[in-house]
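Reading through the structure tokens given below for one structure.
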Amino acid sequence: MKNNFCILPFIHLSTRTNGAMQLCCHANSGSAEDYRSIGYNRKDTGEFVYVDQDRPSEYWNTEYYKSVRRKFMQGKVPVECRACFKEEAAGYRSKRQWENEEWAEKLSFNEVLARVEPDGTAPFDIKYVDMKLGNKCDLACLMCNPADSSKWIPDYNKLMKSDIDQETKNTLEWRKEEGRLNWYRHDSVFWKDIQDKLDTMESFYIIGGEPTINSEFESFLEMCVKSGHSDHIKLRFNTNGLTTTERHLELYKRFKHVLIHLSVDGIGAYHNLIRYPSNWIEMEKKLDWWDSTPDNVEVTIDTTASVLNIMHIPDLVKWKVKKQYKKISQYPTNKGLIGMHFLHSPEFLNVTVLPSNLKKTVTEKYYELFDYLGNDVANSYKKFHALLDFMNSTDNSHMWPKTLKYLDNMDSIRQTNWKSVLLDYDKT
């Protein structure tokens, strides 16, 4: 198998919050002057594929999708996949790598590729679906946007009227008219394809918005259970953890395995600033609830590393260790610590924008954390070193003034005070 290969375009279906069909949740869905919305599937006419009206099975072999498959079969790197390879260059285990490792245990890649024609045409034999159930959300996290959170919309409108520069506005621009944020309603043709494949489906990954407040999330779980196939399906989803119901818990019990990623980006004042407008005291109570879920439910804490919390992650890790949860992140892949992903967009919140003096301070904090954890743990959990390598891989400090201006404007809109939380940044 080619070193640059990824199995996902051959077995995997993914949607964006607006119903656009995409290569995967990590595909680079930004825009460039000559290539709009990288990662979106597009018809041979150039139109995007939207799964509320376009059955994925009918657009599984567009020329766009076939070209990506051809590149992987030839050992080439599609431009859509640069985020994974950028992370790998920093020593981080990318989505491409861990997906390949996981699926290599379940499938013969050679057998999958044997059914693919030289031009990239593949049978619609999906095993894994990643769906984003719109943008309905009860939080407006500081690094998020209205495309992924409905609660962000009022603040977005105010931000666009503020005095931030035009380049930043262009970066944050949200084209509501391009999406169908209610694509997942029951009349969507998408569900016909999913229901037809439940007997051979192995995994679902669900995010939002916030899936647990979405009625279609519960309806989907019920559909799987009523079909009689949930006992061989692995369910995975991201949640802010605030919605906990006994009905959901009963449904989780009916699946083969449920992996729940709780989004926690900081404790105390950091949590309150970043995961606005939630409250840390309430969140800690919810974490206790998740720690008592059934045996088939695996729960992890997942952090999005950005300029908002990179200084604080060591304190978050120490807090996690001291809590001594009986199940949260108590699995080999997490070493009893946390899961972690890198924020890539908006770029002015990416950790590469930190000035050199702040990068030095970050490095010192992490080496102090390594001493706290012990060399064995610090060296075996490579994400911390990968985060430092990624931070230092590029000097984007020219964007730092945009970062500070953004934080000032959000303070004005939300009546928050970032300088009272992100103390190291107030010194610059």
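FYI, it's all coordinate maths here, none of it is from the lab. Only a predicted model underlies this, so the values are computations on that prediction, with no experimental measurement involved. Cβ coordinates were reconstructed from backbone atoms using ideal geometry, including for glycine residues, and neighbour counts include every protein chain displayed.
Would you mind ranking I260, I213, I313 so that the residue whose beta carbon has the fewest other beta carbons within 10 Å leads the list?
I213, I260, I313
Length gain on complete extension for the stretch N279 to S356, per 0.36 nm per residue less the alpha carbon to alpha carbon distance?
Length gained, N279 through S356: 24.5 nm.
Give the lysines reachable from K158 as a straight Cα distance under 27 Å; neighbours fewer than 8 places away on the same chain don't count.
K132, K136, K169, K176, K402, K405, K419
Under the definition of Cα pairs under 8 Å and six or more residues apart, what whole-number percent is the relative contact order of the chain?
Once divided by the residue count of the chain, the mean separation gives 14 percent.
With θ set to phi - 60° and the Karplus curve 6.51 cos²θ - 1.76 cosθ + 1.60, what are the ³J(HN,Hα) couplings of region 224-234 in order, to the nearest whole Hz, using x for Gly and Pro?
Calculated HN-Hα couplings, in order: 5, 5, 5, 6, x, 10, 5, 6, 10, 9, 9 Hz.
Please give the length that would be gained between K322 and N157 if that part of the chain were fully extended, namely 0.36 nm times their separation in residues minus their C-alpha to C-alpha distance (nm, one decimal).
So the extension gain works out to 55.3 nm.
Could you put Y406, Y325 in order, starting from the residue whose Cβ has the fewest other Cβ atoms within 10 Å?
Lowest count first: Y325, Y406.
Relative contact order (percent) for region 8-126, with alpha-carbon contacts under 8 angstrom and 6 or more residues of separation?
Rounded, it is 26 percent for region 8-126.
Work through the residues other than K320 whose Cβ is under 14 Å from its Cβ and net out their charges, Lys, Arg +1 and Asp, Glu -1.
+1
What is the spin-label model distance, in nm, from A269 to N379 if the labels are put 7 Å beyond Cα along the C-beta direction?
3.7
What pairs from K43/K256; K226/K335; K234/K327 go past 27 Å between their alpha carbons?
K43/K256; K226/K335
Amide H neighbours of Q22 under 5 Å, counting only residues 5+ apart in sequence or on other chains, H built in-plane at 1.01 Å?
The list, which skips near neighbours in sequence, is S14, T15, R16, N41.
Rank-order 357-365, 265-273, 9-17 by packing density, defined as the average count of other C-beta atoms within 10 Å over each peptide's residues, highest first.
Ranking the peptides 357-365, 265-273, 9-17 by packing returns 9-17, 265-273, 357-365.
For E202 and A114, FRET efficiency with R0 = 25 Å and r from the beta-carbon atoms, rounded to 0.05?
0.80
In whole angstrom, how far apart do the alpha carbon centroids of region 108-185 and region 367-428 sit?
Going from one Cα centre to the other spans 25 Å.
Cα axis of helix 400-414 to longest principal axis of the chain: angle in degrees, 0 to 90, nearest 10?
90
Pick the calculated P(r) over Cα pairs in 20 Å bins from 0, in percent for this structure from [x] 25, 60, 15; [y] 22, 38, 24, 14, 2; [z] 28, 61, 10, 0?
[x]
In nanometres, what is the gap between the two model label sites at E364 and F124, each 7 Å from Cα along Cα-to-Cβ?
That separation, rounded to one decimal, is 5.9 nm.
Using the Cα centre as the reference, give the magnitude of the dipole from point charges on the C-beta atoms of region 160-240 (Lys, Arg: +1; Asp, Glu: -1; all else neutral), rounded to the nearest 20 debye.
80
Under a Cβ-Cβ cut-off of 14 Å, what is the net charge of the residues other than D119 that fall near it, where Lys and Arg count +1 and Asp and Glu count -1?
That sum, taken over residues with Cβ under 14 Å, equals +2.
Quick test of your reading: applying the under-4.7 Å Cβ rule, which cysteines of the chain are isolated?
C6, C24, C25, C81, C84, C137, C224
Can you spot the aspartates and glutamates whose alpha carbon is less than 12 Å from K106's alpha carbon? Ignore those fewer than 8 places along the same chain.
Within the straight-line limit of under 12 Å, K106 reaches these aspartates and glutamates: E202.
With a/c under 1.5 counting as rounded, go ahead and sort region 8-126 into rounded, prolate or oblate using the C-alpha gyration tensor (a ≥ b ≥ c being the square roots of the eigenvalues; past the cut-off, prolate if a/b is larger than b/c, else oblate).
Because a/c hits 1.5 or more and a/b fails to exceed b/c, region 8-126 counts as oblate.
Just list whichever of K253/K323; K286/K322; K360/K383 have alpha carbons separated by over 24 Å in the model shown.
K253/K323
Can you give the angle from 0 to 90° between the axis of helix 63-73 and the longest principal axis of the chain, with both taken from C-alpha atoms, to the nearest 10?
Tilt of helix 63-73: around 80 degrees.
For D295, D52, what ranking results if the residue with the fewest other Cβ atoms within 10 Å of its Cβ goes first?
D295, D52
So for the pair Q166, K253, with labels modelled 7 Å out along Cα→Cβ, what separation do we get in nm?
6.0
Roughly what angle does helix 95-104 make with the longest principal axis of the chain, taking Cα atoms, 0 to 90 degrees, to the nearest 10?
It is inclined by approximately 40 degrees.
Can you tell me the FRET efficiency between E88 and H398 if r is taken as the Cβ-Cβ distance and R0 is 25 Å, rounded to the nearest 0.05?
Calculated transfer efficiency: 0.45.
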